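Read the figures in this text as sums done on the coordinates, not as results from a lab. Given the structure is predicted, the values throughout are model-derived calculations rather than measurements. Here the Cβ is made from the backbone with ideal geometry for all residues, glycine too, and neighbour counts use every protein chain on show.
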Amino acid sequence: MAFIRLSRSAFFHNLDIIAHRAGSIDKIALVLKDSAYGHGLLEMAAMAKEYGVSRAVVRSDEEAQRLADYFPYILVLAEIPKTVSSRICYTVNSLETISRFPKGCRVELKVDTGMHRNGISMEELADAFGSAIRAGLKIEGVFTHFRSADALSSEWFWQYKFFDKVKKEAKVLALQYGLDELRFHSKNSAALFRSTSCDEAMVRIGIAAYGCLQMDRTLSQPALKPVLSLWAEKIMSRTLEPSQRVGYNGTYAALKTERVSTYDIGYADGLLRAASNSYVAPDGAALLGRISMDNTEFSSTDEKICIFQDANAYAKAAGTIGYEILVLLSSGIKREVVQ
Ligand SMILES: *Cc1c(COP(=O)(O)O)cnc(C)c1O
């Protein structure tokens with residue numbers, strides 16, 4: 001059966017680089033949303049804990065509850081809980097939702113500084129503090145998210161400057177309401193590697209920890225290593241005679257007598273079909289014809305084949321980004337942690 005290998009040494013190597021850039025391990029808030037970007041939630045949580053990571057960021061309350069024994073601090077990005085949990089902080093994404101949080105809930109306010117996807121606007125900040133305090137919520141932090149930190153443009157700089165203003169205003173409000181010092185954070189992977197210093201309380205790091213950060217080619221790239229590799233096993237080999245065709249609709253025709261094999265992986269496992277006929281595996285084997293639900297043909301006779309070592313290489317052939325390739329990998333594929 002197809003399987004996934006997770007490299008502990010690659011993950012720890014990436015965390016070393018990230019901790020160095022951020023200033024300390026304590027500042028790393030590992031983004032484990034969506035099953036740790038498809039890697040496997042508990043597999044990655046266990047390794048992160050072993051490394052000494054103490055903060056996690058997830059999408060849902062369910063993910064946070066599953067991680068409660070791994071991290072003393074967990075931030076939920078996009079769900080309003082029914083009850084309060086001591087280790088979990090929840091994100092207030094808009095003014096209107098404040099009344100729906102349970103009394104006593106730990107919250108962080110997300111502020112929109114230019115992405116215009118979600119978040120409270122700067123003008124609404126005072127209102128948000130007032131409403132949250134009247135609703136009995138504990139405001140612990142204020143954060144934002146960058147829209148183009150990975151691109152070579154000035155956008156990142158103005159958004160960062162804008163967040164400085166937000167911080168000033170939030171500090172005044174916190175003082176006014178007698179709150180403890182707020183936790184400010186803004187940086188995702190790309191932003192961390194664009195900045196030369198990190199004076200915020202923490203950084204929210206996803207893709208860089210998984211070793212698949214891609215920045216504009218002109219920006220300097222850290223030497224990260226992909227953690228996840230995808231493998232498949234051979235079902236059978238055959239010889240194709242010249243002009244014999246492979247797979248649905250026969251989109252690949254042999255030019256000469258060729259040995260090819262069918263491997264036990266397909267789009268049911270999350271392998272994007274868009275890369276049909278246009279991808280070469282790390283060992284040099286070409287993907288031949290259409291990817292089908294559970295089968296894919298390669299110009300190889302090896303018993304096992306590494307489909308990809310780097311999700312970004314596969315993503316390029318499929319016309320997308322590594323993030324999408326990773327999160328689409330079926331949760332049913334067995335994960336094994338290797339050194
Ligand atoms: C997903 C996400 C991140 C992590 O982004 P990467 O580019 O993977 O580092 C950080 N912050 C927020 C709000 C996110 O949604």
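General remarks:
- Prolate/oblate/rounded call for region 8-210, Cα gyration tensor, a/c under 1.5 rounded: oblate
- Compared with the alpha-carbon gap, the fully stretched path from S237 to K161 is longer by 21.5 nm at 0.36 nm per residue.
- In range of the label at E79: residues from region 314-334 whose backbone nitrogen is under 20 Å from the point 7 Å along Cα→Cβ: 327-332
- Unsatisfied cross-links (Cα-Cα over 26 Å) in the set K27/K165; K110/K225; K256/K334: K110/K225; K256/K334
- Paramagnetic reach from H13 (point 7 Å along Cα→Cβ, amide N under 11 Å) across region 173-215: 211
- For the options Y314, Y248, Y160, a Gaussian network treatment of the chain with springs between C-alpha atoms closer than 10 Å singles out Y248 as fluctuating the most.
- Spatially, region 4-64 and region 219-288 are offset by 30 Å when compared through their Cα centroids.
- Set of region 34-62 residues, backbone N closer than 16 Å to the point 7 Å along the Cα-Cβ line of I25: 45-56
- Extended-chain gain in nm, criterion 0.36 nm per residue less alpha-carbon gap, S148 and K103: 12.6 nm
- Fluctuation leader among A274, A36, A149 - the chain, Gaussian network, Cα springs under 10 angstrom: A274
- Sorted peptide list for 46-55, 150-159, criterion being average Cβ within 10 angstrom, highest first: 46-55, 150-159
- Full-extension gain in nm, E62 to S121, via 0.36 nm per residue minus C-alpha separation: 18.4 nm
- Computed [θ] at 222 nm, helices only, for the chain once each DSSP H run of length n ≥ 4 contributes -39500 (n - 2.57): -8000 deg cm²/dmol
- Burial ordering of S220, S300, fewest other beta-carbon atoms within 10 Å first: S220, S300
- Here each label is just a point 7 Å from Cα along the line to Cβ, and for D69 and S278 those points are 4.6 nm apart.
- Counting every other Cβ atom within 10 Å of each residue's Cβ, H145, H20, H13 order from fewest to most as H20, H13, H145.
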